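Colleague: Please see the structure below; I have some questions.
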Amino acid sequence: MDRIYTEDVAFTDLEGVTTGREAAEDNVDVLLTKDPADFRFTEDGPRYAGPDSTALTWAFGPPGAPAVRGIDVITIRDGRIANILTRFTA
């Protein structure tokens, strides 16, 4: 976590904003443990990159039958993730 995220990383999704490494890790843990075991995240299109930001489209659900699709817009600061904005697209 220390190598990937800034200390004050902000994770924003439909449920609100969480701030800090521990909160971000807890967010991911909840997401991955509350859904069915066969659900997987997969890339769902091209990656977009700029000097201090990137975006990744994704699908989440059983292989070949995603339950939801979305995009993460990520801001980079000092070589680490500083902000993740998650939006659902379908």
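Derivation of every value follows stated rules applied to the coordinates shown; laboratory data play no part. This is a predicted model, so every value here is computed, not measured. As a convention, Cβ positions derive from the backbone with ideal geometry for all residues, glycine included, and neighbour counts pool all protein chains shown.
Colleague: Which condition does GLU43 not pass, out of (1) surrounded by 13 or more Cβ atoms within 10 Å (Cβ to Cβ); (2) closer than 27 Å to ASP2 by Cβ; (3) of a type in the set (D, E, K, R), if it passes all the others?
Modeller: Going through the list (1) surrounded by 13 or more Cβ atoms within 10 Å (Cβ to Cβ); (2) closer than 27 Å to ASP2 by Cβ; (3) of a type in the set (D, E, K, R), GLU43 breaks only (1).
Colleague: Oh, and also: Would you pick out the residues in the stretch 1-36 that are touching a residue at least 60 places away in the same chain (Cβ under 8 Å), under 14 Å from the mean Cα position of the chain (by Cα), outside any strand (DSSP E or B) and over 19 Å from PHE88 (Cα atoms)?
Modeller: ILE4
Colleague: Kindly provide the set of residues from the stretch 1-40 that are among the hydroxyl-bearing types (Ser, Thr, Tyr) and exposed (fewer than 11 other Cβ atoms within 10 Å of the Cβ), ordered by number.
Modeller: Matches in the stretch 1-40: THR33 only.
Colleague: Only residues that are surrounded by fewer than 17 Cβ atoms within 10 Å (Cβ to Cβ), of a type in the set (A, V, I, L, M) and within 14 Å of the chain's Cα centre (by Cα): list them for the stretch 53-70, please.
Modeller: If the condition is that a residue be surrounded by fewer than 17 Cβ atoms within 10 Å (Cβ to Cβ), of a type in the set (A, V, I, L, M) and within 14 Å of the chain's Cα centre (by Cα), then ALA55, VAL68 are the ones that fit.
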